[in-house]
Amino acid sequence: MTLVWELETPALLVDLDALDHNAGLMAQRSTDAGIAWRPHVKACKSPAMAQRLIAAGAVGVTCAKSAEALAMAHGGVSDILIANEVVGADKIERLIEVAKLATLCVAVDDADNVREIAAAADAAGVQIDLLVDIDVNLHRCGVDPEVAPALCALIADLPAVRLRGLMGYEGHVMGLPDEEKERETAASAAIIARAADLCRADGHEFDVLSGGGSGNYRYVLEQGVLTELQAGGAALMDLTYEAMGVDGHRRALSLLCQVVSATHPDRAAGDAGWKATGRHTGMPLVAQPLGWECVGLSAEHTHLARNGGESLSIGDRVELVPHYSDSTVLLHRTLHAHRDGVVEDAWAISGSGALQ
């Protein structure tokens, strides 16, 4: 039996009780709303965790890149959406590898890209499903609703590709205040609904309208326009999602470091700097011991300041809650799954570095 406090530091931890609670909550809320849950795994990047989300009720997973999807497929995940455009011969060849291992769907917003994917899939004897990406006011990727029917028609005319539906990611709404977030989520949903109406009026049939993120998923479920929810990061939960107003979730992700210097009673240095925990959204929170706070991060060190707690000594363990899971997990190779402080498993973060 290994205790988390005995792990070599820095060590990335996931609390199984909290994770199972969060996954069960997201799956049940989606089911109650009549919406399929396809969580994004860009936060966890671990096939073992993805499998746990599927066991909790997810219909499959969402990925950001073809390399990330391939890591999931090699890890046994059998239903994958890449909610991103995949462009270029090398990346499309990787799509073929994924399609040989799993049911694959990819977002598209360009006719030449559709033709390139179809030609490669046809030559390899595989099928790739496609979602036409709609710009729902994020203004990053996606076409206007009026353009969508022509892309649907092209997909229908080509071999080895199949129209599954539409997607539109409303990433611009995640950090808005609640009232504005609800309004802008509804505005984005109205855009994808209009695109669906135009495509169906042109004779195209499909079932999937995919989108949503952890920061706005309760509004997505309330509005009932989308048929598939991509929110996944809140399964791990972090300080960023708490600030976004995600409710009912528990903090599942944490980072263990140890004190490597304690020359002053009111400060200490831990061995987990910004190379171990992302800092672009803010500082991590000290969960244990109480009465300490993280006041800074350098490359390899946590800057800790005493705020009413007992003085620390070298070798003492400090548990941090990362500010944002997406920018923390990718820095590690192993996620230590524990329950009540006892390590039950070590999950490979095989999608780490899968940026292609």
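When the residues of the stretch 54-70 are filtered to those that are under 12 Å from the mean Cα position of the chain (by Cα) and more than 11 Å from residue 94 (Cβ to Cβ), the one that is surrounded by the fewest Cβ atoms within 10 Å (Cβ to Cβ) is 64.
Regarding residue 242, is this residue surrounded by fewer than 16 Cβ atoms within 10 Å (Cβ to Cβ) and modelled with pLDDT of 95 or more? Against the criterion (surrounded by fewer than 16 Cβ atoms within 10 Å (Cβ to Cβ) and modelled with pLDDT of 95 or more), residue 242 does not qualify.
If residue 98 passes every condition in (1) of a type in the set (Val, Ile, Thr); (2) crowded, with 24+ Cβ neighbours inside 10 Å; (3) assigned to a loop (DSSP other than H, G, I, E, B) but one, which one does it miss? With respect to (1) of a type in the set (Val, Ile, Thr); (2) crowded, with 24+ Cβ neighbours inside 10 Å; (3) assigned to a loop (DSSP other than H, G, I, E, B), residue 98 is out only on (3).
The single residue among 328, 334 that is surrounded by 20 or more Cβ atoms within 10 Å (Cβ to Cβ), among the polar types (S, T, N, Q) and closer than 22 Å to residue 252 by Cβ turns out to be 328.
Select from the stretch 204-247 the residues that are among the acidic types (Asp, Glu) and within 15 Å of residue 132 (Cβ to Cβ) and write down the one among them that is farthest from the chain's Cα centre (by Cα). The qualifying residue farthest from the chain's Cα centre (by Cα) is 205. Selection of the stretch 247-263 for residues being of a type in the set (Lys, Arg) and part of a strand (DSSP E or B) yields an empty set. If the condition is being closer than 18 Å to residue 104 by Cβ and either among the β-branched types (Val, Ile, Thr) or part of a strand (DSSP E or B) (or both), then the stretch 139-165 contributes 155, 161, 162, 163, 164, 165. Looking only at the stretch 316-338, residues that are over 11 Å from residue 268 (Cα atoms), part of a loop (DSSP other than H, G, I, E, B) and not aliphatic (A, V, I, L, M) come to 6 in all. If you take the residues in the stretch 264-295 that are in contact with a Ser or Thr (Cβ under 8 Å, 6 or more places away or on another chain) and not in a loop (DSSP other than H, G, I, E, B), which one is surrounded by the most Cβ atoms within 10 Å (Cβ to Cβ)? Looking at the filtered set, the residue picked out is 270.
Within the stretch 248-263, restricting attention to residues that are touching a Leu at 6+ places or on another chain (Cβ under 6 Å) and not aliphatic (A, V, I, L, M), the residue that is surrounded by the fewest Cβ atoms within 10 Å (Cβ to Cβ) is 248. Pairing residues of the stretch 110-131 that are touching a residue at least 12 places away in the same chain (Cβ under 8 Å) with residues that are charged (D, E, K, R) and buried (at least 17 other Cβ atoms within 10 Å of the Cβ), at Cβ distances under 6 Å and at least 6 apart in sequence or on separate chains, gives 129/164; 131/164. Listed by position, the strands (runs of 3 or more DSSP E) inside the stretch 1-93 whose residues that are within 27 Å of residue 220 (Cα to Cα), modelled with pLDDT of 95 or more and in contact with a strand residue (DSSP E or B) (Cβ under 8 Å, 6 or more places away or on another chain) number at least 3 are 61-63, 79-82. Would you say residue 229 is under 26 Å from residue 57 (Cβ atoms), touching a residue at least 40 places away in the same chain (Cβ under 8 Å) and touching a Lys or Arg at 6+ places or on another chain (Cβ under 8 Å)? Yes: the conditions hold for residue 229. Residues considered: 156, 160, 201, 196. Of these, the only one that is surrounded by 22 or more Cβ atoms within 10 Å (Cβ to Cβ), under 29 Å from residue 112 (Cα atoms) and either more than 23 Å from the chain's Cα centre (by Cα) or among the aromatic types (Phe, Trp, Tyr) (or both) is 196.
Among the residues of the stretch 298-322, the ones that are in contact (Cβ under 8 Å) with a residue 60 or more places away in the chain and crowded, with 23+ Cβ neighbours inside 10 Å come to 3 in all. All conditions in (1) part of a strand (DSSP E or B); (2) among the small types (Gly, Ala, Ser); (3) over 18 Å from the mean Cα position of the chain (by Cα) hold for residue 299, with the sole exception of (1).
The values are calculated or read from the model by the stated rules, or taken from the named source; none is laboratory data. Keep in mind the model is a prediction, meaning the values are calculated, not measured. So basically every Cβ, Gly included, is an ideal-geometry build from the backbone, and we count neighbours across all protein chains shown.
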